[in-house]
Amino acid sequence: MVKHQPLQVYEKQVFVSFVTGIYGCRWKRYQRSQDDSSRWECTWFVILCSSFLLLLFWAYFWLVAQNDFNEFNWSVYNRSGEWRDETIPILASTTVGFSYITFLLILALFHISLGQQLNLYWVHKIGVLATLLTTVSGVVSVDDIWGDEWDILLVSLQSTAPFLHIGALATVTAISWLVAGYVVRRERSTFQMMVLLIYVVILLAVYVAPLTFTCPCIMDRHSLKPRPDIIGRRGAPMLAPENTMVSFNRALQHGASSLEADVTISVDGVPFLMRDHTLRRTTDVSKVFPARQFDDASFFNWTEIRSLNAGHWFLESDPYWTVNTLTARERSRIGNQTVCSLVEMLRLAARSNSSALLNIRKPPPEHPRHRSWFMDTLWAVQKAGISQKRVTWTPDTDRGKVRGLQQTTHEKLSMEEIRQRGITSLTLHYGKASHKDIQEYLANNVSVTVYPVNEPWLYSILWCSGVPSVSSDAPQVLRKVPYPIWLMSQNAYSFIWISSDLVSLVLVIGIFCFQNYHMIRWRMSGMQNYNPEQIMLSAVARRSSRDVNIMKEKLIFSELNNGLSSTEELSLYPENGYARYSHGGLSR
């Protein structure tokens, strides 16, 4: 009579099957291997890591660039002639691509930590390449269309650097487990030493990174200056059509202390408010004057301009996804808006005791008002009845003719040039106004207005920098920022920085010691604690018959040492998923 009893029953490894199945489509035990990954698969791992880092940079860029989405859409409009919210498909594709690559990278790291061989499925290889190429093409396109926007990355670090440092510290500390496992649990080699050296250099760089940070909000709270005034840039263009009376009224309702407008001179000398060079985007000129829809806005007379509707486009295109928040009465009022004249806007500013900032576009040389544009503007200011001291305008030209009005410039000038021109205020893009420059201007009694400021984080760092006023497309958003988002003393931040570095250092040293101790114990135990599970069926399928016999002998001898009789025979039943011993013997 022949008796059978189990030799080794393999436990189900659900998690390992999940990891290797999704990453490399290796769902069965015999498909997996604990051998070293091939150079080809290591190359794909490097490509995967590179794609993740590029997408991380790309996602961070669009996260902080929300401040300028309106500027991006306007840049695209000037090239294509069609107004669309181009940020929606970009954000959607970035979210999907970043989630996909991050998921694959996590699976790859699990492979490494579990000692599994990397083997990326061919479908994923195509997906990784497609994501990488799409991201690279996106970076190139943005650099071509919107190259100046890269400045926002450096500006944003003034607000996010301390938090990014903590995230980077946690990441490199966690990676130490994989590095220690790779370096300690294998025979020493030059490549291992290179990996260890690179890791140590990166770790030290992260530790000392805060020495390079310039964060205005790391300061004594008693040194915080008053809240910057908010200038309604073209009114409140997210709530109503830009440069219309409804928009300016909404800006004043949401706490704007000043109004900013773009001024164009009509062919008959009437200053009116229009940002674009044509009337196509913000009026119905394509319906009223279809043959002239591509003409320069300044070549229309005031009667023609006044006949155009300046509100329907906002309700139809919903450029800021805010139309659904409007009441029926507000929609009706917006739908009846016409192009606003400079006199109307200045009269509103005078009634509300507000000031005005005018960006005047000089007519082209062939325009009949090319030489008298400043007289037309002065006439409008005087007719509106507003004090000239409350009106500031650009460009900074014809200073000898323009007396009594405040003039500013969008140029970043040295203090010597400012004194020579007699300028008392600057209107600068946030990318040109560094913390050091702002402090220098304010110390010399030069007022600084920064634009465009639409996000609370940017408003906060400018507040901490001491900027007296900002120009915003979103006064309704900045109104809800009663205090900087975060404010911390230098001593408090130094304590957090040094403490987090020390905690990270202790964890990294502990991980390396634990891995080394674990490896020493494993080596000292020898074959006494040999785990048959480590003999993978995939290795049996791939290796030569001689190697298979050697592994079988090790398996048998390890069990014999644990007390089995020498008369037992080995019988494998691969079709049943496990191996069995056969106890041979004849029953009489």
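The values are calculated or read from the model by the stated rules, or taken from the named source; none is laboratory data. What you see is a predicted model; the values in this text were computed from it and never measured. Positions of Cβ are backbone-derived with ideal geometry, glycine not excepted, and every protein chain shown enters the neighbour counts. In case anyone asks, the SASA skips ligands and DNA or RNA and just uses the protein heavy atoms, side chains included. Shrake-Rupley method; radii C 1.70, N 1.55, O 1.52, S 1.80 Å.
For region 320-466, a crude dipole built from +1 on the beta carbon of Lys and Arg and -1 on the beta carbon of Asp and Glu, taken about the Cα centre, is about 560 debye to the nearest 20.
Working from label points 7 Å from Cα in the Cα-to-Cβ sense, the residue 387 to residue 57 distance is 5.2 nm.
Given the pairs 389/480; 362/412; 432/480; 389/432; 287/362; 225/436, which span a C-alpha to C-alpha distance of over 23 angstrom in this model? Cα-Cα > 23 Å for 389/480; 432/480; 389/432; 287/362; rest within. Full extension of the segment from residue 292 to residue 27, taken as 0.36 nm per residue of separation minus the current Cα-Cα distance, would add 88.8 nm. Here residue 15 and residue 324 are evaluated by their C-beta separation; at R0 = 45 Å the FRET efficiency comes out at 0.50. Seen through its C-alpha gyration tensor, with square-root eigenvalues sorted a ≥ b ≥ c, region 221-365 comes out oblate because a/c lies at 1.5 or above while a/b is not bigger than b/c. Amide H contacts of residue 409: 427, each under 5 Å away and 5 or more positions distant or on a separate chain (H built 1.01 Å from N in the peptide plane; Pro and chain starts excluded).
Region 439-481 and region 139-183 have Cα centres spaced 25 Å apart.
If you rank 312, 370, 165 by how much accessible surface each has, with a 1.4 Å probe, what is the order from largest down?
I get 312, 370, 165, largest accessible area first.
Provide the FRET efficiency to the nearest 0.05 for the residue 443-residue 133 pair, computing r from the beta carbons and using R0 = 51 Å. Working from the Cβ atoms, E equals 0.55. A simple count of charges around residue 256, restricted to other residues whose Cβ falls under 15 Å of its Cβ and scoring Lys, Arg +1 and Asp, Glu -1, yields +4. Count the net charge of all other residues whose Cβ sits under 13 Å from the Cβ of residue 386, scoring Lys and Arg as +1 and Asp and Glu as -1. Spelling it out: positives minus negatives among the neighbours equals +4.
In terms of accessible area, using a 1.4 Å probe and ignoring ligands and nucleic acids, 283, 43 rank largest first as 43, 283. Here the Karplus curve 6.51 cos²θ - 1.76 cosθ + 1.60, taken at θ = phi - 60°, turns the phi angles of region 128-136 into couplings of 5, 5, 4, 5, 5, 5, 5, 5, 4 Hz, with x standing for Gly and Pro.
The amide H of residue 259, built 1.01 Å from its N in the peptide plane, has 232, 355, 356, 357 as neighbours under 5 Å, considering only residues 5 or more places off or on other chains.
Label separation (residue 317 vs residue 106): 4.0 nm, computed from points 7 Å beyond Cα along the C-beta direction.
Note on residue 80 and residue 332: the extension gain reaches 87.7 nm, defined as 0.36 nm multiplied by sequence separation minus the Cα-Cα distance. Each Lys or Arg adds one and each Asp or Glu subtracts one; over the other residues with Cβ under 14 Å from the Cβ of residue 275, this totals -2. Spread over its residues, the convex hull of the C-alpha atoms of region 112-247 is 233 Å³ per residue. Full extension of the chain segment joining residue 208 with residue 506 gains 105.7 nm, where the gain is 0.36 nm per residue of separation less the Cα-Cα distance. In this structure residue 267 has an accessible area near 50 Å², from a 1.4 Å probe over the protein heavy atoms.
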